[in-house]
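One structure is given here, and the rest of the page talks about it.
Just so it is clear, none of the values below were taken in a lab; they were calculated from the coordinates. Keep in mind the model is a prediction, meaning the values are calculated, not measured. Cβ atoms come from the backbone with ideal geometry, glycine included; neighbour counts cover every protein chain shown.
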Amino acid sequence: MQLVFIHGGPAVGKLTVARHVARLTGFRLFHNHLTVDLVGSVFEFGSEPFVRLREEIWLSTFREAARFDVSLIFTFAPEATVRTGFIQHTIDVVESLGGSVVFVELTCDEAEIERRLEDPSRGEFTKLNTLKQYRTLKDAGAFEYPSIPSSLSLDTTNAPPEESAKAIASYLNLSGD
């Protein structure tokens, strides 16, 4: 089992790229907002039960996927409400069951992030989708999180999502070519 852990700030293209990676590799897509939207329908974002349940769902899903040899693509937006031990817990859970985790960082120019934030496609889930909200959260330190060591880092500023997905699949030796 492989867990492709795609991470980066808001609007860098995590879900868009992940969807293309899923098509190329056949891996299942377990993106951040499936859990955030589920838990957020009951508990306020950042509250103690929200933080605990969100992490339990993430880790339980990784554990069961590893147990049943189901490779996953996971999208993750590092931010201040995620407990700092989450990354190591992810590695421990997956590797203890014989799987591996590949961390892929997506980056993007700040001006492009700000342009993408208000794209209508961001309304599919409860994603951050206004420039004002983004700047307020950024100024408050909401996106601060310890660095995640990554095997691959891709700048999506000018790269089509298909190109970034092909680079990830190629890195995994699953390009389908």
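Using a Förster distance of 22 Å, how high is the FRET efficiency between Ser147 and Arg23, based on the Cβ-Cβ distance and rounded to 0.05? Before the final figure, lay out the partial values.
Values: r = 30 Å, r/R0 = 1.35.
For R0 = 22 Å, the calculated efficiency reads 0.15.
Grab the other residues whose beta carbon is less than 11 angstrom from that of Val12, score K and R as +1, D and E as -1, and report the net.
Numbers: positive: Lys14, Arg116; negative: Glu105, Asp109, Glu110, Glu112, Asp155.
Around Val12, the charge tally is -3.
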Ellipticity estimate at 222 nm from DSSP helix runs (n ≥ 4, -39,500 (n - 2.57)) divided over the chain, nearest 500: -13500 deg cm²/dmol
Between the stretch 91-107 and the stretch 59-86, what is the C-alpha centre distance in whole Å? 8
Would you grab the residues whose amide H sits under 5 Å from the one on Phe143? Only those 5+ places off in sequence or on another chain, please, with H modelled 1.01 Å from N. Ala80
Please arrange Thr107, Thr84 by counting, for each residue, the other beta carbons lying within 10 Å of its beta carbon, fewest first. Thr84, Thr107
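Which of Ile113, Ile73 comes first, and how do the rest follow, when ranked by fewest Cβ neighbours within 10 Å? Write out the running numbers ahead of the final one.
Details: Ile113 21, Ile73 27.
Arranged by neighbour count, lowest to highest, Ile113, Ile73 become Ile113, Ile73.
Just want the ordering: Ser153, Ser170, from fewest to most Cβ atoms lying within 10 Å of their own Cβ. Mind dumping the intermediate values first?
Details: Ser153 11, Ser170 14.
Listing Ser153, Ser170 from fewest to most nearby Cβ atoms yields Ser153, Ser170.
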